[in-house]
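J.: Let me give you the structure first, and then I'll get to my questions.
The values are calculated or read from the model by the stated rules, or taken from the named source; none is laboratory data. These figures come from a predicted structure and were not determined experimentally. Backbone-built Cβ (ideal geometry, glycine too); neighbour counts: all protein chains shown.
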């Protein structure tokens, strides 16, 4: 038996290839059923996200070539067309790969935490479907533990490496208690959506979404428990904003120095933290000269992100050491599972021999033989039965000059020279 992983991700394939082999929630049950119906597949988990599709299996040793053909067939792809994009790991490498993915070391954004939640979802789907059992289940549980250890023992996730996350992290430095703060987000694109979700997750008091299209602002506001306004309403609400993050496609500034000055006056000089991640800029640069305004542009954030990426790279080296150690620990557990059938067989044979000899001893006692004689005969006979086959094999290994078995016996029975 062995572990195998077949996958395709953002590093090996463009999006028009990746989107052809996505397993959505509706297709996943049929995929797991189809995959595990193959007689060589013992257990299976399918992980499918926008950046990767990976198939983890526990299979018969001689069946490693079945996953790629199955993937082509299930997604109705011409034979071998995906091969140039697929990567393949087996054994220790497959285990190590899962641990790296769970820790965010294989992600587009180094150290991002979202992938762990996606792996846990894939695990739950497989568990509920019955395609996840003892061995692969133990592997994924171990992966979750490794990811937690990496998060705890390294700085892999402590430094922001996205524009939205960096903006929110800076806001937390200025406003120590976000629950008392109001954020005004200008725009409704991806960056603003990420910023809104980060603010919500960090306990922001209020979120106001301003956008040219009020419907888009409303949709995003609903998702983050916020309040939607049009751009024309923005001057009215600007004095409420402790935090302003702007990212629109406007070719001209939409927030000028005069509007901010008026807002500051109404705020009675309470500070405003402003982040302009738009190119061209949404906020006039002169706003940064105002007292009580902390204005950052996209270049300022990129400097922070570059510095933090280096910090994450250093943390990733520590994470790799943890992963390698934990992979060895898991393989040690796998090796103990190989011994279980042997231990069971030895115990069953010993118990069978013991039961036969005990029954014989009971008959002898009923026949009136002395108890001391019966017990001595029972012990002597049981010892001979238990040691006969090991002794014969050791003598034969001596004749065959096979010292490996002799050394193994020394270790097994803890015999010192």
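J.: So residue 158 clears everything in (1) exposed (fewer than 15 other Cβ atoms within 10 Å of the Cβ); (2) more than 18 Å from the chain's Cα centre (by Cα); (3) assigned to a loop (DSSP other than H, G, I, E, B) except one condition, right? Which one?
T.: (2)
J.: Further, regarding this structure: State whether the residues of the range 245-266 include one that is part of a loop (DSSP other than H, G, I, E, B) and within 17 Å of residue 196 (Cα to Cα). Steps first, please.
T.: Going through the range 245-266, the residues part of a loop (DSSP other than H, G, I, E, B) turn out to be 247-254, 256.
Restricting the remaining residues to those that are within 17 Å of residue 196 (Cα to Cα) gives 247-248.
The answer is yes, given that some residue of the range 245-266 is part of a loop (DSSP other than H, G, I, E, B) and within 17 Å of residue 196 (Cα to Cα).
J.: Only one residue in 378, 394 is over 49 Å from the mean Cα position of the chain (by Cα), surrounded by 11 or more Cβ atoms within 10 Å (Cβ to Cβ) and not assigned by TED's automatic domain parsing to the domain that holds residue 134. Which one?
T.: Answer to the check: 378.
J.: With the requirement that a residue be part of a loop (DSSP other than H, G, I, E, B), closer than 21 Å to residue 58 by Cα and within 10 Å of the chain's Cα centre (by Cα), what does the range 111-131 give you?
T.: Within the range 111-131, none qualify.
J.: Now for a different question. Mind telling me which of the residues 319, 332, 409, 350 ends up being surrounded by 13 or more Cβ atoms within 10 Å (Cβ to Cβ), under 51 Å from the mean Cα position of the chain (by Cα) and under 30 Å from residue 149 (Cβ atoms)? Walk me through it before giving the result.
T.: Working: 332 fails: surrounded by 13 or more Cβ atoms within 10 Å (Cβ to Cβ); 409 fails: under 30 Å from residue 149 (Cβ atoms); 350 fails: under 30 Å from residue 149 (Cβ atoms).
Answer to the selection: 319.
J.: While we're on this one: Yes or no: residue 141 without any contact (Cβ under 8 Å) to a residue 40 or more places away in the chain, touching a helix residue (DSSP H, G or I) at 6+ places or on another chain (Cβ under 9 Å), in the same structural domain as residue 14 (by TED's automatic domain parsing) and surrounded by fewer than 17 Cβ atoms within 10 Å (Cβ to Cβ)? Break it down stepwise before answering.
T.: Numbers: without any contact (Cβ under 8 Å) to a residue 40 or more places away in the chain: yes; touching a helix residue (DSSP H, G or I) at 6+ places or on another chain (Cβ under 9 Å): yes; in the same structural domain as residue 14 (by TED's automatic domain parsing): yes; surrounded by fewer than 17 Cβ atoms within 10 Å (Cβ to Cβ): yes.
When the stated conditions are applied, residue 141 passes them.
J.: Suppose the filter is part of a strand (DSSP E or B), more than 24 Å from residue 117 (Cβ to Cβ) and touching a helix residue (DSSP H, G or I) at 6+ places or on another chain (Cβ under 8 Å); does residue 42 pass it?
T.: Yes, satisfied.
J.: Within the range 2-11, work out how many residues are surrounded by 14 or more Cβ atoms within 10 Å (Cβ to Cβ) and either over 18 Å from residue 72 (Cβ atoms) or out of contact with any helix residue (DSSP H, G or I) (no Cβ under 9 Å at 6 or more places or on another chain) (or both).
T.: 3
J.: Any chance the range 210-223 includes a residue that's in contact with a strand residue (DSSP E or B) (Cβ under 9 Å, 6 or more places away or on another chain), under 23 Å from residue 308 (Cβ atoms) and either surrounded by fewer than 20 Cβ atoms within 10 Å (Cβ to Cβ) or assigned by TED's automatic domain parsing to the domain that holds residue 290 (or both)? Walk me through how you get there before you give the answer.
T.: Going through the range 210-223, the residues in contact with a strand residue (DSSP E or B) (Cβ under 9 Å, 6 or more places away or on another chain) turn out to be 210-222.
Imposing the further condition that a residue be under 23 Å from residue 308 (Cβ atoms) reduces the set to none.
Looking for residues that are in contact with a strand residue (DSSP E or B) (Cβ under 9 Å, 6 or more places away or on another chain), under 23 Å from residue 308 (Cβ atoms) and either surrounded by fewer than 20 Cβ atoms within 10 Å (Cβ to Cβ) or assigned by TED's automatic domain parsing to the domain that holds residue 290 (or both), one finds none in the range 210-223, hence no.
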